[in-house]
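Below: one structure, written as structure tokens.
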Amino acid sequence: MPQSVADDSERYIARGIAHVKLATPVRAPITVSFVLMPRFTMLAFTSAIEPLRVANQLTEQVLFKWRIHSESGAPITCSNGVPLLPDAPLSEAPASDYVLVCGGVEPDAGCSAELTDWLRKQWRHGGTVGGLCTGAYALARAGILNGRCFTLHWENIPNFTEKYPDLVPERRIFCIDERIVTCAGGVASAELALKLIEDYYGAELGQAVMNMCLLGQIRRGEDEQLSSLSVRLGTRNDHLIRAVAYIEAHVEDEIDLAECARHLGISRRQLERLFQRYLDTTPLQYLNRVRLQHARC
């Protein structure tokens with residue numbers, strides 16, 4: 001076996017008991033470059049990379065290959081304080097089928113000119129680029145989201161739309177718009193990875209990867225990020241769901257309800273009517289109740 005093939009097998013194929021025989025002919029490995037921004041969200045990153053690893057393990061073949069990059073190549077710390085050692089800096093990143101930028105809790109701070117210029121170059125040269133969690137900030141600054149369907153984590157949408165008023169993100173689990181792929185982060189990264197696995201190698205392998213990852217129910221790209229919040233509130237009213245999400249995300253901040261209403265595109269009076277109609281309370285009363293529950297935790 002050639003040394004390069006042996007090295008690939010050692011790095012990308014873990015040993016396991018379960019096995020899936022592919023019905024689809026194996027093509028050249030799909031290559032993915034993960035670009036980590038400062039204080040990136042580890043859950044979004046690992047949720048994307050693990051299904052690819054599992055797909056390789058189940059088939060005992062290198063279906064996917066990945067490399068990890070930071071801007072400088074130096075160790076980079078994620079949002080929970082754990083450091084990670086990348087393979088190389090951006091300047092040494094090889095061409096890849098997919099470039100996925102993993103953002104986190106400080107997406108503005110991580111959007112350097114070097115990163116966004118590099119992303120724009122990958123896009124212009126025909127690559128597929130994407131964002132996990134808040135990676136869409138880097139894509140927006142690179143100027144490649146205009147007229148595209150895209151998403152990012154719901155908590156960051158108010159700030160994003162204020163910074164980029166001409167861009168309108170979807171509140172979906174993930175979006176695929178030709179050579180732009182984005183997801184909301186968290187376990188939505190796994191659902192995006194599963195979509196890629198199914199598209200390239202079929203539903204049987206996708207289901208097997210789901211089983212290995214103990215994902216009992218898979219959501220599709222068009223599903224809303226806050227479906228669980230919709231169930232909890234007992235309504236699918238989009239303005240109310242977004243208002244509650246905004247309030248709960250800023251429970252420790254000084255919340256200006258007029259500002260909240262502005263982000264939703266409605267008046268404060270309309271906001272108050274929504275809370276009264278669906279929750280039999282006022283926005284301020286709801287905020288105080290959430291703060292009380294938060295203090296007890």
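From helices alone, the chain scores -13000 deg cm²/dmol at 222 nm; the rule is -39500 (n - 2.57) for each run of n ≥ 4 DSSP H residues, then divide by the residue total. Shown here for the range 101-183: GluC sites (Glu not before Pro) in loop regions (DSSP other than H, G, I, E, B) with at most 15 other Cβ atoms within 10 Å, namely 178. Mean-square fluctuations from a GNM of the chain, with a 10 angstrom spring cutoff on Cα atoms, peak among 48, 95, 23 at 23.
Normalised radius of gyration (Cα atoms, divided by 2.2 N^0.38 Å) for the range 227-296: 1.02.
Give me the dipole magnitude in Debye, nearest 20, for the range 125-178 about the Cα centre, with unit charges on the beta carbon: positive for Lys and Arg, negative for Asp and Glu.
Numbers: 5 positive and 6 negative charges, 13 e Å.
So the magnitude is around 60 debye.
Ignoring lysines fewer than eight residues from residue 195 along the same chain, the ones with Cα atoms less than 25 angstrom from its Cα are 21, 65.
Taking the average, over residues, of other Cβ atoms within 10 Å as the packing measure, peptides 202-211, 53-62 rank 53-62, 202-211 from highest down. Need one word for the chain: rounded, prolate or oblate. Basis is the Cα gyration tensor (sqrt eigenvalues a ≥ b ≥ c); a/c below 1.5 gives rounded, then a/b vs b/c decides. Taking the square roots of the gyration eigenvalues as a ≥ b ≥ c, the chain is prolate. Toward the positive end of the charge dipole of the chain, with +1 on the Cβ of Lys and Arg and -1 on the Cβ of Asp and Glu, the farthest Cα among 54, 292, 42 is that of 292.
Values in this text are rule-based calculations from the coordinates and carry no lab data. As the structure is a computational prediction, the values presented were derived from the model and not from experiment. Cβ atoms come from the backbone with ideal geometry, glycine included; neighbour counts cover every protein chain shown.
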